[in-house]
Amino acid sequence: MLGRCSGIVVFLALAGTWEAASRLGVVSALYFPPVTVIAATFGKLAASGLLPAQVGLTLARALAGLALAALCAVPLGLCMGVSRRFRGLLSPLVEVLRPVPPPAIIPAAMLFLGIGDGMKVFVVFFACFFPILIGAADGARAVAPGFRLTAAAYGVSRPDALLRVILPAAGPSVAAGLRTAVPMGLIVAVLSEMIGATNGIGHYILRMQRTFAIPEMYAGVAALGLAGLCCNAAAQWGLGRLTRWSGGDRPGD
Amino acid sequence: MLRIERLAKSYAGHNGAASACALAEVSFSVPRGGFVSLLGPSGCGKSTLLQCVCGLLAPSHGRVLLDDREVTGPPPEMALIFQNASASLFPWMTVAGNIRFVLRRKPGSKKDKEAVAAKALADVGLAAFAGHYPWQLSGGMQQRAALARGLAYGADVLLLDEPFASVDAQTREELEDLLAGVAASQAKTVLFVTHDIDEAVYLSDAVTVLTPAPARVAAVIPVDLPRPRDQVAAREDRRFLDARKTIHALLRH
C-alpha cells in the first residue's frame, strides 16, 4: 500500500516538475508543452475518436502478425522440442534468422509487400515468430518424460499426444514466449508505420512531430503507452488463466 | 497368461561410448489372474524390463507374449502405473479428466465412460475427488488416482512400477491392501515391480528375484499364503518369514 502510494507520488512529482518547468520557461514550451495541455489534447483527440481509430489500426496489425506467428511457431516449436531430427532440420535456419533485428527487414519487406497492411503484418510476424518458437521448443523439450510415457502406454497416438499432452505440458513456456512476443509485436508495428504507412498511431506520431503539432504528438505517445499497458495486462491475464495449473497457488510436489 | 521369453535389452552407446546392457536374459511368466512381483537391486533394469513388457521399448532379443500374441506396442489389455503419480497424472486435467483422457479411444458413449470413471474412482475411495486437480491431492491420493486410471482403462493386466515407493509407511499399507483387494475382486493379472522385499512377499503369489545389472532371473520364490491377507498376521506367518529370508539371501550375495 505504502509502495503503491509512493509510486503515485513519484509519478505526480515528475508530472508537476514538467508542468512547472514548461510554464516557467525552464525548458522550451514548444518542445515540452505543459502536461495539462497534453492531457487536454489527449482528452479531445480521444473523445473525437481519432486516437482510438489510429491505435486500433496499429493494434489490429500487431494482433494479426502475432496470431499468424503463434499459429506457425507453436506447432513448429513443439515438433522441434519432441523430435531431434526436426530440430536438426530447422535449428541452423533459426539460428541464422533469429539474431536479425526485426526492423532491419522492413526495407526488404517494403520491396515486395509495399507499404500496406501486408508489410506490417509480415514484419510483426517475423518479430514475434522466434520468441514463440523458442518458448514452444524449450517447453516441449522439458516436458517430464512421465507424461510422454503415460500417453504412449495408454495408446494415445503421437499427433494426439502432441496436441493434448505436450502442448499443455509446455504451456507455461509457450505462454512465456507469447508474453515476450506481445510487446515486440507492438514495437515493430509502430516502427513499420513510421517508416512506411499512411495511417496508424506510429504514422500519426511522426506526422504530428513533422508538422510541429507537439501536444498532439505527445498525446499519441500517451495513447500508445496506454495501449501497450493494456496489451501486456491482457496477455498476462489470459495466459495466466490458461496455465493456471502451473501457477504459484499449487502446493509443491 | 503373460510370458517373458529370454528378454534382453542393450542401449546403444552415444558418441562412441560402449553400449550398456540393462537386461541380459530374463524369462518368467505371470499366470492369468496371478500376482507376480519383480524384485531386484536398484539399477538392475526393473523399469527397463517393465517398459519392454508393455511395448514402450523394443527388446534387443527375446519377446513378450500376452495370451500367445507377441507384444510389439502398448496393448489395450495392459495398463501401466508409474512410480511417480505427480509426473504421470496430467496436472492440467482433473482426476476424472485424467481418466476420461485414457478412455477417449475406447468404444462407448460419453455417458458410459463417465460411469466407468466414476466406478474406478469409487473403487479406490476417491469418489468425492473426481473434480479435484492432481496437485490438490496428497501423494497417497495421487497414487490412488493413478491406479483408478489404470483400472478404468479396462486392462486385464496391470503393470506397476514401484507405485508405493514415495508414500509414507502407513499410506503404503493402505495402498497395498487396496491393490490386493481390487486385483482379487476384478481378477487382474498383476506384474508389480518393487525393491521392497516385504511388500513383494506380502502382495504376491510369486516373487521373481533379479540379479544386479545386467539382469537375469536369480530365482522365482512362490509365496504360499492364503488370501485375503492381513498386514499383521501375514507378516508373522512362518511362510512369509521363510520367503523373506530366502529372498534376502538371494539379494545379499
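Where only DSSP H runs of four or more residues are counted, chain B gives -11000 deg cm²/dmol as its mean residue ellipticity at 222 nm, each run worth -39500 (n - 2.57). Each Cα pair under 8 Å and six or more residues apart adds its sequence gap; the mean of these over the residue count of the stretch B:90-154 is a relative contact order of 46 percent.
The residues packed around B:Ala213, meaning those with a beta-carbon under 11 Å from its beta-carbon, carry a net charge of +3 if Lys and Arg are +1 and Asp and Glu are -1.
In a simple Cβ point-charge model (Lys, Arg +1; Asp, Glu -1; nothing else charged), chain B has a dipole of about 660 debye relative to its Cα centre. In the calculated pair-distance distribution of the stretch A:7-148, the portion above 26 angstrom amounts to 54 percent of the Cα-Cα pairs. For chain A, the Cβ-based charge dipole about the Cα centre amounts to some 460 debye (Lys, Arg positive; Asp, Glu negative; other atoms uncharged).
A crude spin-label estimate for the pair B:Leu241 and A:Ala40, with each label 7 Å from Cα along the Cβ direction, gives 10.0 nm.
Which one of A:Ala176, A:Ile195, A:Leu66 has its Cα pushed farthest toward the positive end of the charge dipole of the stretch A:34-243, where Lys and Arg give +1 and Asp and Glu give -1 at the Cβ? With unit charges placed on the Cβ atoms, the residue in question is A:Ala176. For chain A, relative contact order (Cα pairs under 8 Å, six or more residues apart, normalised by length) works out to 25 percent.
Taking 25 °C and 0.890 mPa s as conditions, the stretch B:90-154 diffuses translationally at an estimated 217 µm²/s according to Stokes-Einstein applied to its Kirkwood radius (Cα pairs). Residues A:Val124, B:Val209, A:Val94, A:Val100, arranged from fewest to most other Cβ atoms within 10 angstrom of their Cβ, appear as A:Val100, A:Val94, B:Val209, A:Val124.
Rounded to the nearest 20, the size of the Cβ-charge dipole of the protein assembly as shown about its Cα centre is 1100 debye, with Lys and Arg at +1 and Asp and Glu at -1.
Across peptide B:46-56, the average count of Cβ atoms from other chains found within 10 Å of a residue's Cβ is 1. Near A:Ala67, once Lys and Arg are set to +1 and Asp and Glu to -1 for all other residues with Cβ below 14 Å from its Cβ, the sum equals +1. Every pair of different Cα atoms in chain A enters the Kirkwood calculation, which places the hydrodynamic radius at 20.8 Å. Once the Cα-Cα distance is subtracted from the 0.36 nm per residue extended length, the A:Phe112 to A:Arg158 segment shows a gain of 12.7 nm. Each part gets one Cα centre, and for the stretch A:168-226 versus the stretch A:86-158 those centres are 22 Å apart.
Neighbour counting of Cβ atoms within 10 Å sorts the residues B:Glu5, A:Glu95, B:Glu199, fewest neighbours leading, into A:Glu95, B:Glu5, B:Glu199. Taking every pair of alpha-carbon atoms in the stretch A:117-253, give the share separated by more than 18 Å as a whole percent. Summing the P(r) tail past 18 Å for the stretch A:117-253 gives 66 percent.
Taking the alpha carbon gyration tensor of the protein assembly as shown, multiplying each eigenvalue by 5 and rooting it gives semi-axes of 63, 25, 19 Å, largest first. B:Arg252 sits among other residues whose Cβ lies under 13 Å from its own Cβ, and their net charge, with Lys and Arg +1 and Asp and Glu -1, is +2. Pairs from the table (B:Lys46/B:Lys245; B:Lys46/B:Lys188; B:Lys113/B:Lys188; B:Lys106/B:Lys188; B:Lys46/B:Lys119) lying more than 25 angstrom apart at Cα are B:Lys46/B:Lys119. Peptide B:86-98 shows a mean partner chain C-beta count of 4 within 10 Å per residue C-beta. Using the empirical formula 2.2 N^0.38 Å as the baseline, the Cα radius of gyration of chain B reaches a ratio of 1.01. Here each label is just a point 7 Å from Cα along the line to Cβ, and for A:Ala67 and B:His61 those points are 6.0 nm apart.
Each value in this text was obtained by applying a stated rule to the coordinates, not by laboratory testing. The structure displayed is predicted, hence computed values, not measured ones. Neighbour counts run over all protein chains shown; Cβ positions are idealised from the backbone, glycine included.
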